[in-house]
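To start, the structure under review is shown below, and the notes come after it.
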Amino acid sequence: MKYTKMEKLLEENKLDVGHGEPWPANLLSNMWPHPFVMGNIQYTCMESFLQSLKFEKEDDAERIRKLPNFEARREGQKGNGWKKTQKLYWDGIEIDRQSSLYYDIVYCAFEHMCDQNFLFRVALKLTGEKQLDHSIGVDDPTNTILTRQDFSNFLHKLREGQKMTTNTQWKADYENLIQDCVALDTETTNIDVKEAEILQLAYTADFHGDPENILYRSVKPIPPEASAVHHISNRMIRGLPTFGQNTSPVEALVNKNARFYIAHNADYDKQVLINSCKRDGLDTEAAHFENTQWICTWRLAKAILGVDYTKLQYNLSYLRYALDLDVPDNLPAHDGRADVIVCAKLFEMLVELAVMDKKIYPDQDLGEQLYNLCWAPKKVETWPFGKYKGQKLDAIPTDFYMWAIENLDSLKEDNERYDLDLATSVARVLEARI
């Protein structure tokens, strides 16, 4: 039986670190753009730090420090004369390549980079107990500024240090919190909450158990574009009661008396449930969903991992695999029951990451902290769609913003498609121009 390189490494419980390797191994590469400061000196990435060590003249070293990954490596080749002298340089100090001082300075740089880059620490955590290797690395210390073995040792040492500094109290507090939470998901006929009918409602108050899962018939036929997403067909729901004809599941959900509802893209599920309840005369239930606090794992992920639309995706399936969530591999995407299981696991992971990054603290009310972190406006750096997609907000002309405020639903506060993060970020840009 033939194995791919990655399959063989996984079977051996190893992970090969490199810029071209799959997540999370690529984020641990020296080439990944993790900027950091050490000794009041700014480095673009670890590769720019390492290559700058080859140059005795400060002007040359400074130029290399500012270069991105592959440019730093290419320009660094001009400093390979160090191999004859075995002398390298940092902050005006000449260092013997084979000395313990050199080893200490390079490891100190790794510590600074790790401390200042949350995504690096996330990637390191996701490696679990796997042995970390760099198969294309060089073993001879007289011929490389960082040997394969030293790189591997640094990563293992950082990972062990991270485990020791992570507050483990969060787990007990998390278990207490989820006693007051319900995770839920809906699958519907339409992305428009005003038109959407609920086809599937799944929920659980037991974050370690199997969710309740109910199918409903819609009054109108399911559009093929909706079925193409969740794979619920008109044949599957034929003869079933509608949401309004079978109210016991939603009544049971309300009777859980949850302090928080947990959902991915919670605004949609919340509004769909409110609209569906009002449509079928369930005013008490509608008011309950409107007044109960919701925590959105989509927004929470953006708050914890960052909000740059061009670097990270935040849909549930992407996060499931990117964060290597501990869920069965056979769970289908866009199935209500499966999505609740994944959402519950994602919520647990996000709580741990938020504690690790000191965005929340175990000795305080976790629920309140997570709710505030979730719904605080997030800074958007780049425009997410249309003509200026991918451009920095502060580079977009004011006249476009004037037009957008008048015409785009995402910037109108009274519109259901209002984007709080984008609107707040645009307002900040415009205020700065006054």
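The values are calculated or read from the model by the stated rules, or taken from the named source; none is laboratory data. This structure is a prediction, so every number in the text was calculated from the model and none was measured. Positions of Cβ are generated from backbone atoms using ideal geometry, with glycine treated the same way; all protein chains shown enter the neighbour counts.
What the table below lists for this structure:
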{"quantity": "Residues within segment 235-264 that are outside any loop (DSSP other than H, G, I, E, B) and among the charged types (D, E, K, R), tallied", "calculated": "2"}
{"quantity": "Top-ranked residue of segment 203-246 - restricted to ones that are free of Cβ contacts under 8 Å to residues at least 12 places away in the same chain and charged (D, E, K, R), ranked as surrounded by the most Cβ atoms within 10 Å (Cβ to Cβ)", "calculated": "D206"}
{"quantity": "Per-region count, segment 104-135, residues assigned to a loop (DSSP other than H, G, I, E, B) and under 17 Å from C45 (Cβ atoms)", "calculated": "2"}
{"quantity": "Segment 384-402, residues that are among the aromatic types (F, W, Y) and closer than 12 Å to V426 by Cβ", "calculated": "Y388, F400, Y401"}
{"quantity": "Scope segment 269-284; condition buried (at least 21 other Cβ atoms within 10 Å of the Cβ) and in a helix (DSSP H, G or I); matching residues", "calculated": "D269, V272, L273, S276, C277"}
{"quantity": "Residues within segment 216-239 that are over 31 Å from the mean Cα position of the chain (by Cα) and within 17 Å of G336 (Cα to Cα), tallied", "calculated": "8"}
{"quantity": "Any hit, segment 164-179, residues being within 23 Å of R73 (Cβ to Cβ) and touching a residue at least 12 places away in the same chain (Cβ under 8 Å)", "calculated": "no"}
{"quantity": "Criterion (at pLDDT below 95, β-branched (V, I, T), within 24 Å of the chain's Cα centre (by Cα) and not assigned by TED's automatic domain parsing to the domain that holds W23) met by exactly one of I178, I191", "calculated": "I191"}
{"quantity": "Filter result for the condition that a residue is in contact (Cβ under 8 Å) with a residue 12 or more places away in the chain and farther than 30 Å from M356 by Cβ, over E56, E47, E62", "calculated": "E56"}
{"quantity": "Qualifying residue in segment 130-151 (condition: within 26 Å of G306 (Cβ to Cβ) and among the hydroxyl-bearing types (S, T, Y))", "calculated": "no"}
{"quantity": "Near pairs, Cβ below 6 angstrom, 6+ apart or cross-chain, from segment 409-431 (surrounded by fewer than 16 Cβ atoms within 10 Å (Cβ to Cβ)) to any residue that is acidic (D, E)", "calculated": "N415/D409; R417/D409"}
{"quantity": "Y261 vs. criteria outside the structural domain of Y418 (by TED's automatic domain parsing), in contact with a strand residue (DSSP E or B) (Cβ under 7 Å, 6 or more places away or on another chain), touching a residue at least 60 places away in the same chain (Cβ under 8 Å) and under 22 Å from L331 (Cβ atoms)", "calculated": "yes"}
{"quantity": "Residue under evaluation F400, criteria (1) surrounded by fewer than 18 Cβ atoms within 10 Å (Cβ to Cβ); (2) assigned to a loop (DSSP other than H, G, I, E, B); (3) not assigned by TED's automatic domain parsing to the domain that holds L177, criterion not met", "calculated": "(2)"}
{"quantity": "Residues of segment 136-154 satisfying the condition of being over 22 Å from D96 (Cβ atoms) and either modelled with pLDDT of 95 or more or not in a loop (DSSP other than H, G, I, E, B) (or both)", "calculated": "S152"}
{"quantity": "Residues that are within 11 Å of the chain's Cα centre (by Cα) and more than 22 Å from A226 (Cβ to Cβ), drawn from segment 315-333", "calculated": "L319, Y321, A322, L323"}
{"quantity": "Unique match (being in contact (Cβ under 8 Å) with a residue 24 or more places away in the chain and either surrounded by fewer than 19 Cβ atoms within 10 Å (Cβ to Cβ) or outside the structural domain of W23 (by TED's automatic domain parsing) (or both)) among E129, E160", "calculated": "E129"}
{"quantity": "Criterion (within 23 Å of L323 (Cα to Cα) and either out of contact with any strand residue (DSSP E or B) (no Cβ under 7 Å at 6 or more places or on another chain) or polar (S, T, N, Q) (or both)) met by exactly one of E71, E21", "calculated": "E21"}
{"quantity": "Residue, modelled with the highest pLDDT, within segment 296-324, restricted to residues that are outside any helix (DSSP H, G or I) and among the hydrophobic types (A, V, I, L, M, F, W, C)", "calculated": "C296"}
{"quantity": "Any chance L124 is under 26 Å from the mean Cα position of the chain (by Cα) and under 25 Å from K14 (Cα atoms)", "calculated": "yes"}
